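Here is the structure we will look at.
The values are calculated or read from the model by the stated rules, or taken from the named source; none is laboratory data. The shown structure was predicted, so the numbers you read here are calculated from the model rather than taken from an experiment. No Cβ is skipped: glycine too gets one built from the backbone with ideal geometry, and neighbour counts run over all protein chains shown. Please note that ligands, DNA and RNA were not included when accessible areas were found on the heavy atoms of the full protein model with its side chains. Shrake-Rupley method; radii C 1.70, N 1.55, O 1.52, S 1.80 Å.
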Amino acid sequence: QYPPPVVFMSNQRQQKPTLTGQRFKTRKRDEKERFDPSQFQESIVQGLNQTGTDLEAVAKFLDASGAKLDYRRYAETLFDILVAGGMLAPGGTLSDDMTCTEFCLFKAQEDMETMQAYAQVFNKLIRRYKYLEKGFEEEIKKLLLFLKGFTESERNKLAMLTGILLANGNISASILSSLFNENLVKEGVSPCFAVKLFKSWLSEKDINSVAASLRKVGMDNRLMELFPANKRSCEHFSKYFTDAGLKEISDFARNQQSIGARKELQKELEDLMSCGEPLKDIIAYVREEIKKNNISEQTMIGLIWSSVMSSVEWNKKEELVTEQAIKHLKQYSPLLKAFTSQGLSELTLLLKIQEYCYDNIHFMKAFQKIVVLLYKADVLSEEAILKWYNEAHQAKGKSVFLEQMKKFVEWLKNAEEESESEEEDAD
């Protein structure tokens, strides 16, 4: 028999661990609100219905509403309503489940005056609420992608408005990238829209201003992309825009293409020289390019000069660079001679040399020696040098270069007079 087991009873009940600390209340502003544009749309639509077609009143209403409504959060909704009357679903159709307004850009009159007034509404709104700037540009990009979902009249109004906004500098020309969308291009929507947009832009600004805006964002070389690959030629582009009454745009595109071709040609020339290709091969290549791209001899001699001077690493010491230049140019004088068969080409070359020596300070003292070398190499004639000296020089470094050339010019004149008197004696 075993004694009964002893059970030790603990009087102390085990305490459960407790969490101590302060409970923080979530601050009101830190609570994430649900994204719900319906209430916002109601307020904007109601306001636009009250202001109606009075765009001055619309601008004032939008100005005042920015203090009460969350423009930053609902920027896209705001712009959708102002343009289309309500929120746009993907593809450009209006969302059915929300109240819309008739007082918007798409329902306005289709004329430049009305579109200019609308542009002012957007301009005032963005100047007042600067943070809307980026969102507005994104909105325009999106609307251009939705073009197929809009009616012809809606597209026309959007094209006019976009042209005015570009002219006023409210948006950047980078928005045009939306028009290179494959589907819009394939169906011919892009070039048609671009015509109306450029007409509107050019009614506000000249072609130089338009060109500068396009260059700033690298759009100047991309306009061909408005057409499908099989129609992406300068000829097709020119004809399309000229027929549409936009000769300035087709001339601009043609000019851009020839600038592009010239840049490529100059790079090719520099590569040929760096590789030490024989001069006769380089001359043959240049003659072929002149024929193929319809480039004048004057333009070509400028390109050749730039290529010759870019194909070598120049000494940084002024006293050594002249010697280096003479040696280098002596080597390439047959190439320069081949494309200075006209007096105008010789003069172009002289002006290029003047410009180069002025822009590259180490060459300031080398000018006269370069000209004398090219005279002796039969690249420059005395007529061209005298014409340059007497009347055709540029203002750049004029006093320095004319002074350098003084003695040589006097020698040329004397030589000319002597040969004339010799001819008279012979007679």
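Considering only residues that are under 17 Å from PHE79 (Cβ atoms), open to solvent by 80 Å² or more (accessible area, probe 1.4 Å) and touching a residue at least 40 places away in the same chain (Cβ under 8 Å), which ones fall in the stretch 34-66?
GLU42
Report whether or not LYS327 is free of Cβ contacts under 8 Å to residues at least 60 places away in the same chain, basic (Lys, Arg) and more than 25 Å from ILE282 (Cα to Cα). Reasoning before the result, please.
Numbers: free of Cβ contacts under 8 Å to residues at least 60 places away in the same chain: yes; basic (Lys, Arg): yes; more than 25 Å from ILE282 (Cα to Cα): no.
Answer is no for this residue.
Quick check on the stretch 189-206. Is at least one of its residues among the polar types (S, T, N, Q) and open to solvent by 10 Å² or more (accessible area, probe 1.4 Å)?
We begin by selecting, within the stretch 189-206, every residue among the polar types (S, T, N, Q); these are 190, 200, 203.
Still in the list and also open to solvent by 10 Å² or more (accessible area, probe 1.4 Å): 203.
Checking the stretch 189-206: at least one residue is among the polar types (S, T, N, Q) and open to solvent by 10 Å² or more (accessible area, probe 1.4 Å).
Only one of these conditions is not met by LEU380: (1) in a helix (DSSP H, G or I); (2) open to solvent by less than 40 Å² (accessible area, probe 1.4 Å). Which number is it?
(1)
For the stretch 297-343, what are the residues that are at pLDDT below 90 and of a type in the set (D, E, K, R)?
Passing the criteria: GLU313, LYS316, LYS317, GLU318, GLU319.
Do you know which residues across the stretch 277-316 are open to solvent by 50 Å² or more (accessible area, probe 1.4 Å), assigned to a helix (DSSP H, G or I), touching a helix residue (DSSP H, G or I) at 6+ places or on another chain (Cβ under 6 Å) and farther than 17 Å from ALA261 by Cα?
SER310
Conditions first: (1) open to solvent by 30 Å² or more (accessible area, probe 1.4 Å); (2) in contact with a strand residue (DSSP E or B) (Cβ under 9 Å, 6 or more places away or on another chain). ASP96 passes all but one, so which condition is the exception?
The single condition ASP96 does not satisfy is (2).
Just need a number here: residues in the stretch 212-251 that are part of a helix (DSSP H, G or I) and either touching a helix residue (DSSP H, G or I) at 6+ places or on another chain (Cβ under 6 Å) or under 16 Å from VAL185 (Cβ atoms) (or both). Break it down stepwise before answering.
First, pick out the residues of the stretch 212-251 that are part of a helix (DSSP H, G or I): 212-216, 223-226, 229-231, 234-243, 247-251.
Then drop every residue that is not either touching a helix residue (DSSP H, G or I) at 6+ places or on another chain (Cβ under 6 Å) or under 16 Å from VAL185 (Cβ atoms) (or both), which leaves 213-214, 223-226, 229-231, 234, 236-238, 240-242, 248-250.
Of the residues in the stretch 212-251, 19 are part of a helix (DSSP H, G or I) and either touching a helix residue (DSSP H, G or I) at 6+ places or on another chain (Cβ under 6 Å) or under 16 Å from VAL185 (Cβ atoms) (or both).
Which one is nearest to SER306 (Cα to Cα), of the residues in the stretch 348-382 that are of a type in the set (Asp, Glu) and without any contact (Cβ under 8 Å) to a residue 40 or more places away in the chain?
Step one: of the stretch 348-382, the residues of a type in the set (Asp, Glu) are 355, 359, 378, 382.
Adding the requirement that they be without any contact (Cβ under 8 Å) to a residue 40 or more places away in the chain leaves 359, 382.
Details: ASP359: 13, GLU382: 23 Å.
That would be ASP359.
Being surrounded by 17 or more Cβ atoms within 10 Å (Cβ to Cβ) and in a helix (DSSP H, G or I) is the filter here, so list the residues in the stretch 388-401 that pass it. Walk me through how you get there before you give the answer.
Applying the first criterion (surrounded by 17 or more Cβ atoms within 10 Å (Cβ to Cβ)) to the stretch 388-401 yields 388-389, 393, 397, 401.
Matches in the stretch 388-401: TRP388, TYR389, PHE401.
Being open to solvent by less than 10 Å² (accessible area, probe 1.4 Å), under 15 Å from the mean Cα position of the chain (by Cα) and at pLDDT 90 or above is the requirement here; does VAL217 meet it?
It is false that VAL217 is open to solvent by less than 10 Å² (accessible area, probe 1.4 Å), under 15 Å from the mean Cα position of the chain (by Cα) and at pLDDT 90 or above.
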